[in-house]
Amino acid sequence: MNLNFEYYKVFYYVCKYGSLTRAASVLMTSQPAVTRTIHNLENEIGCRLFIRSKKGVELTPEGRVFYDYISAACAQIFKGENELANRISMDNGTISISATETALHCCLFQAMEEFNQQYPNVRFNLLNNSSLDSLRALEAGRIDMAVVSSLPDQTGAPLKVKILRQYHDILIGGRKFAHLAKKVQTLEDLADCPWISLTSASISRKFLNQYFEEQGLTFHPGIELDTTDMILPAVRHNLGIGFIPAEFAMEDISRETVFEIQVQEKVPERSIFLVYDQEYPQSIAAKTFQKFLFQQP
């Protein structure tokens, strides 16, 4: 037997209210439609479930046995629906995000803090991944959205890409290189300095390679690191100079543990992107957070 759940649902409400008319009102349908459903159900299971009376309808002995099971099943289903509604609402929602270090430091941490002040019951599941790994997680349906600082050459449907904000890299050096901060430098002036950068496989490194090539130079860092947040301590320990998003270095610059080195050749602005799957259903919490991100200064 393979019956539509709506049959059981109609049966449950007719039993609960003892009336075809009241059940139809609750289900927002017509009394004849409810009657047809009950007749179809009785035909499918092969017995009579109700007896009509002046007061409405009464269960047959078979109907009472059937109702014991159906009422328990419906109670669990309705409880599950309510639980799910709570989990995807602003009262008890969860938002899953994969983000790059740059995206986290430049906008996401601050946005999450302010969002939780407005919606304290919403939880975040946060992954810190590269741009490529974040997009793979999105394509696999493991997250609601990706917030990344670079994109591959091709990012098409069903993924939707929006620019969240712009940011720029600055060149910094430790105390050993503080003298370089006293005047504007050219990249050629800095050619003999030890450089620190991300590994050649990263999109950020490819950005710097192109930036140097446009100035007729080749970028050869002496130290290559896997993550952006490792560049700052390496610079702080005077192992070389390196480019880093400005937000990473502001506190150290104010304490004069590192120094910003002005470069004559302008470093192009870069973007932080919000990426989500247009075909993936978004919860209320996830949709609200997406709108919230674009309201940030």
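The values are calculated or read from the model by the stated rules, or taken from the named source; none is laboratory data. Predicted, not measured: the structure shown is a model, and the values here were computed from it. Cβ atoms come from the backbone with ideal geometry, glycine included; neighbour counts cover every protein chain shown. Just so you know, the surface numbers come from the protein's heavy atoms only, side chains and all, with ligands and any DNA or RNA stripped out. Shrake-Rupley method; radii C 1.70, N 1.55, O 1.52, S 1.80 Å.
A few remarks follow.
- Segment 119-266 - share of DSSP beta bridges that are antiparallel (%, nearest 5): 60
- Take every pair of alpha-carbon atoms less than 8 Å apart whose residues are at least six positions apart; their mean separation over the length of the chain yields a relative contact order of 21 percent.
- Relative intensity of the chain on a log10 scale, I(q)/I(0) at q = 0.10, 0.14, 0.15 Å⁻¹, equals -0.69, -1.03, -1.10, per a Debye sum over C-alpha point scatterers of equal strength in the absence of solvent.
- Efficiency of FRET from Cβ geometry, Gln295 and Lys16, R₀ 35 Å, rounded to 0.05: 0.20
- Relative to one another, the C-alpha centroids of segment 45-84 and segment 234-277 are positioned 67 Å apart.
- Separation in nanometres of the label points that stand 7 Å from Cα toward Cβ, at Ser254 and Gln215: 2.9
- For segment 140-297, dividing the convex hull volume of the Cα atoms by the residue count gives 134 Å³ per residue.
- Degrees between helix 61-87 axis and first principal axis of the chain (Cα, 0 to 90, nearest 10): 20
- For the chain, the per residue solvent-accessible surface stands at 56 Å², with DNA, RNA and ligands left out and a 1.4 Å probe.
- Each Lys and Arg Cβ is given +1 and each Asp and Glu Cβ -1; about its Cα centre, segment 98-203 then shows a dipole of about 200 debye.
- Dipole orientation for the chain: of the candidates Ile223, Tyr17, Ser202, Tyr17 has the Cα lying most toward the positive pole (charges on Cβ; Lys, Arg +1; Asp, Glu -1).
- Principal axis dimensions, segment 194-270 - Cα atoms, whole angstrom, descending: 34, 26, 22
- Diffusion coefficient of segment 141-198 by Stokes-Einstein, Kirkwood radius over Cα pairs, 25 °C, 0.890 mPa s: 156 µm²/s.
- Taking the C-alpha atoms only, the angle from helix 246-255 to the longest principal axis of the chain is near 60 degrees.
- Ordering Thr35, Ser96, Ile70 by Cα displacement along the dipole of segment 1-131 toward the positive end leaves Thr35 in first place; charges were set at the Cβ atoms of Lys, Arg (+1) and Asp, Glu (-1).
- Sorting Leu187, Leu126 on solvent-accessible area from highest to lowest, probe radius 1.4 Å, gives Leu126, Leu187.
- In the chain, lysine pairs closer than 20 Å at Cα, eight or more apart or cross-chain: 11
- Taking 0.36 nm per residue of sequence separation and removing the Cα-Cα distance, the Gln117/Gln31 pair yields an extension gain of 26.1 nm.
- Here the chain is treated with +1 on each Lys and Arg Cβ and -1 on each Asp and Glu Cβ, and its dipole about the Cα centre works out to around 1620 debye.
- Beta bridges from DSSP with both residues in the chain: antiparallel share about 60 percent, rounded to the nearest 5.
- In segment 172-244, the portion of solvent-accessible area held by carbon and sulfur atoms comes to 49 percent [1.4 Å probe, whole percent, DNA, RNA and ligands not counted].
- Estimated D of segment 230-297 in µm² per second, where Rh is the Kirkwood radius over Cα pairs and Stokes-Einstein applies at 20 °C, 1.002 mPa s: 138
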